[in-house]
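K.L.:
Have a look at this one.
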Amino acid sequence: AVASGPDLLLLDEASAGLTPDEAHALGDRFLALRDELGLTLVVIEHHVALIAATCDYCYCLESGQIIASGSPAEVTAQPRVVESFLGRGTLEVAST
């Protein structure tokens with residue numbers, strides 16, 4: 001998908017079936033694509049830690065409705081996101 005030189009890359013559930021180590025490596029690749037090629041990535045993903053580690057801005061949808069948006073730290077701190085997706089306290093998100 002990158003070989004054709006796009007400005008925007010859309011990915012849907014890119015980490016499906018990956019191990020945690022593979023998902024981490026995928027996140028590193030996302031950041032490299034952004035930094036080295038200036039590529040914008042739009043990622044639909046349920047792997048919250050992957051999104052939190054690689055995205056500058058995110059939206060959280062539930063049943064097709066936006067329930068939170070903002071930085072990963074802002075989104076994962078929202079009570080409705082915690083209740084619907086995390087099922088526990090907020091996700092620790094490293095500052096970039």
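The values are calculated or read from the model by the stated rules, or taken from the named source; none is laboratory data. This structure is a prediction, so every number in the text was calculated from the model and none was measured. Counting neighbours? That spans all protein chains shown, and the Cβs are built from the backbone with ideal geometry, glycine included. When the accessible area is computed, the model is the full protein with side chains, heavy atoms only, and any ligands, DNA or RNA have been set aside. Shrake-Rupley method; radii C 1.70, N 1.55, O 1.52, S 1.80 Å.
K.L.:
Using a 1.4 angstrom probe, figure out how much accessible area the range 1-56 has per residue, in square angstrom, rounded to the nearest whole.
P.N.:
Roughly 64 Å² per residue, with all protein chains present.
K.L.:
If you don't mind, there's one more thing I want to ask. What residues have an amide H closer than 5 Å to that of Leu9, excluding those fewer than 5 places away on the same chain, when H is modeled at 1.01 Å from N in the peptide plane?
P.N.:
When sequence neighbours closer than 5 places are left aside, the close amide H contacts are Thr40, Leu41, Val42.
K.L.:
Another question, if that's okay. Using only the Cα atoms of the chain, what are the Rg and Dmax in Å?
P.N.:
Values for the chain (Cα only, Rg and Dmax): 13.6, 42 Å.
K.L.:
How big is the antiparallel share of DSSP beta bridges in the chain, given as a percent to the nearest 5?
P.N.:
Close to 50 percent.
K.L.:
With angles folded into 0 to 90 degrees, how steeply does helix 20-37 sit against the dominant principal axis of the chain? Use alpha carbons for both and round to 10.
P.N.:
60
K.L.:
Taking the Cβ of Tyr57 as the centre, find all other residues whose Cβ is under 13 Å away and add up their charges (Lys, Arg: +1; Asp, Glu: -1).
P.N.:
Net of charged neighbours comes to -1.
K.L.:
Ok, one more. Would you pull out the residues with amide H under 5 Å of Ile67's amide H, same chain only if 5 or more places away, H placed 1.01 Å from N?
P.N.:
Close amide H contacts, sequence-distant or interchain: Cys60, Leu61, Glu62.
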